[in-house]
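Asker: Below are the structure tokens for one structure; questions will follow.
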Amino acid sequence: MLASPLIEFIAREHPAFVHVPLGLVAVLPLAMLASFHPRHGRVLAGTSFFLGAIGWLASSVALFSGLMWGRQINLIAPSGFLPVVASDKQVLQKILQIHILAAAAGFMVGGVCVFLLWRVWNREFGTGGGDHRHHAGRRFWERGVGAPALLVGFLWLACWGFSGKLGGIMVFGNEETNKAAAEADATRRSDVEADLPIRALDYASLEPAESGPSRSKAHGDRWRRIWVTASGIDAYKEGKPLPPGAYAVMSTFTDDKGKPGTEPGPLYMKETKADGTTAFAFYWARVPEALRKDFGGDSVYWRSPDPKLATCLGCHEKGSAMAK
Ligand code: HEC
């Protein structure tokens, strides 16, 4: 999509570009304030217009680069202008939304400010005759750029200052977002099965619960074999619940005209956690093409508390699943 290296550069350097308009708009109110000086008003009003106009033009590059960057890192849809906040946990999307709205508000306020400054500049330096009264002779709020333009200038700076503060949080994080990210990272790292059911894949190292495969109506009418950890095999054979830390894996293969076939079916896992609760996992490395629509992909890995495992609970919670 973003094939052009130039656009890619403009997008990536958004955090750098924004400092040009922001810096100009930060000194703008100083020049505007100084323009109220009775003797230097004319020159400083011209300076204010120059600063405002360059800042406003430079900001269009910053806005464009921000939009490209947001699209590039998939925070904004390819044809969208704002991120979609789907849940309360999407802190980044929420901050980005306000960041963009504040930046856009600043752009509009800035447009008004530049227009007001242009009118002053035209009056002071234009050829259309205009008002050549000496500055010192004017009422205070009519001197230099005038009080309304000054107020609009402050509002412009406020919008962008706020937007920039949020931008800083998104780039560098603040204490809160950094802590949340570090915590999420730590739990993910300690959860070695976040991406794959590692223990279930190693089922052949467990104790086989039966001597050979048999058919399971309850699990898609597939051929299955059950494997249980050494810590749980006795309880399993007695039909009792597995002790904490023990788990059972059911390996399956698809039916081939009533005989065990060669296509591997899903792996089912049922575990008694240390706190006594039951967790399930369902892993299918290669879903047959005809079933991919039902399973929503060519490979699936669901684990508790995934709502897709509600059907497992429906049978197993009743305790009836233990009846073999
Ligand atoms: C229709 C009821 C039913 C559903 C739905 C069901 N199971 Fe089972 N499950 C059973 C029964 C009954 C057994 C006993 C062995 C057998 O009949 O295959 C069993 C056995 C198992 C076993 C072997 C250990 C044991 O407890 O015997 C595992 C692991 C397992 N199921 C996991 C799952 C998972 C994961 C799901 C959801 C994806 C699931 N089951 C859905 C009824 C069900």
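Asker: If I require 27 Å or longer along the helix axis, counting alpha carbons, and a Kyte-Doolittle average no lower than -0.5, what helices from the chain are left? Use full DSSP H segments.
Answerer: Those that pass (Cα extent of 27 Å or more, hydropathy at least -0.5) are 41-72, 91-125, 147-172.
Asker: Please give the charge dipole size of the stretch 198-322, origin at the Cα centre, charges +1 on K and R Cβ atoms and -1 on D and E Cβ atoms. Round to the nearest 20 debye.
Answerer: 200
Asker: If we sort 283-295, 162-174 on the protection proxy, mean other Cβ atoms within 10 Å, highest first, what's the order?
Answerer: 162-174, 283-295
Asker: Could you work out the relative contact order of the stretch 5-189? I mean the mean sequence separation of Cα pairs under 8 Å and 6+ apart, divided by the number of residues, in percent.
Answerer: 30
Asker: Along the stretch 237-247, what does the Karplus equation 6.51 cos²θ - 1.76 cosθ + 1.60 (θ = phi - 60°) give for ³J(HN,Hα), rounded to whole Hz, x for Gly and Pro?
Answerer: Per residue, the Karplus-derived 3J(HN,Hα) values read 5, 8, x, 9, x, 5, x, x, x, 8, 8 Hz.
Asker: Now a separate question. Starting from the Cα of Phe154, step 7 Å along the direction of its Cβ; do the same at Arg139; then give the gap between the two resulting points in nm.
Answerer: In this crude label model, Phe154 to Arg139 measures out at 1.9 nm.
Asker: Leaving out ligands and nucleic acids, and using a 1.4 Å probe, what accessible area per residue does the chain come to in Å²? Let's see the in-between values first.
Answerer: Values: 19190 Å² over 324 residues.
In whole numbers, the chain has 59 Å² accessible per residue.
Asker: In whole angstrom, how far apart do the alpha carbon centroids of the stretch 1-48 and the stretch 296-319 sit?
Answerer: Using only Cα atoms, the two centres lie 56 Å from each other.
Asker: Related question: With r defined as the distance between the Cβ atoms of Ser190 and Leu57 and R0 fixed at 45 Å, what FRET efficiency is calculated, to the nearest 0.05?
Answerer: About 0.35, to the nearest 0.05.
Asker: Would you calculate a helix-derived [θ] at 222 nm for the chain, using -39,500 (n - 2.57) for each DSSP H run of n ≥ 4 and dividing by the full residue count, to the nearest 500?
Answerer: Numbers: 11 runs with 157 residues, N = 324.
About -15500 deg cm²/dmol.
Asker: With +1 on the Cβ of every Lys and Arg and -1 on the Cβ of every Asp and Glu, and nothing else charged, how large is the dipole of the chain about its Cα centre, in debye rounded to the nearest 20?
Answerer: For the chain, the charge dipole is close to 940 debye.
Asker: To continue, here is another question. Set the Förster radius R0 to 25 Å, insert the Cβ-Cβ distance between Ala104 and Glu13 as r into 1/(1 + (r/R0)^6), and round the FRET efficiency to 0.05. Please list the in-between numbers first.
Answerer: Details: r = 20 Å, r/R0 = 0.80.
Efficiency at R0 = 25 Å is approximately 0.80.
Asker: Right, here's the next one. Identify, among Gln93, Met170, His37, the residue whose Cα sits farthest towards the positive end of the charge dipole of the chain, taking +1 on the Cβ of Lys and Arg and -1 on the Cβ of Asp and Glu, with the dipole about the Cα centre.
Answerer: So the residue furthest toward the plus end is His37.
Asker: Another question, then. Normalising by the residue count of the chain, find the relative contact order in percent from Cα pairs under 8 Å and 6+ residues apart.
Answerer: Working: 430 pairs, mean separation 37.4, N = 324.
Averaging sequence separation for qualifying contacts and normalising by length gives 12 percent for the chain.
Asker: Still on this structure, please answer the following. Could you tell me the calculated FRET efficiency between Leu201 and His316, based on Cβ-Cβ distance and R0 = 22 angstrom, to the nearest 0.05?
Answerer: Step by step, r from the Cβ atoms, then E = 0.55.
Asker: How many angstrom lie between the C-alpha centres of the stretch 159-203 and the stretch 65-114?
Answerer: Distance between centres, Cα-based: 21 Å.
Asker: Now for a separate question. Whole-Hz ³J(HN,Hα) for each residue in the stretch 295-300, computed from phi via Karplus 6.51 cos²θ - 1.76 cosθ + 1.60 with θ = phi - 60°, x for glycine and proline: what do you get?
Answerer: 8, x, x, 8, 8, 10
Asker: Return the distance in nm (one decimal) between the two label points of a simple spin-label model at Val20 and His40, each offset 7 Å from Cα along Cα→Cβ.
Answerer: That separation, rounded to one decimal, is 2.7 nm.
The values are calculated or read from the model by the stated rules, or taken from the named source; none is laboratory data. What you see is a predicted model, and the numbers here were worked out from it, not measured in a lab. We place every Cβ from the backbone using ideal geometry, glycine too, and count neighbours over all the protein chains shown. Side chains included, ligands, DNA and RNA excluded: accessible areas come from the protein's heavy atoms. Shrake-Rupley method; radii C 1.70, N 1.55, O 1.52, S 1.80 Å.
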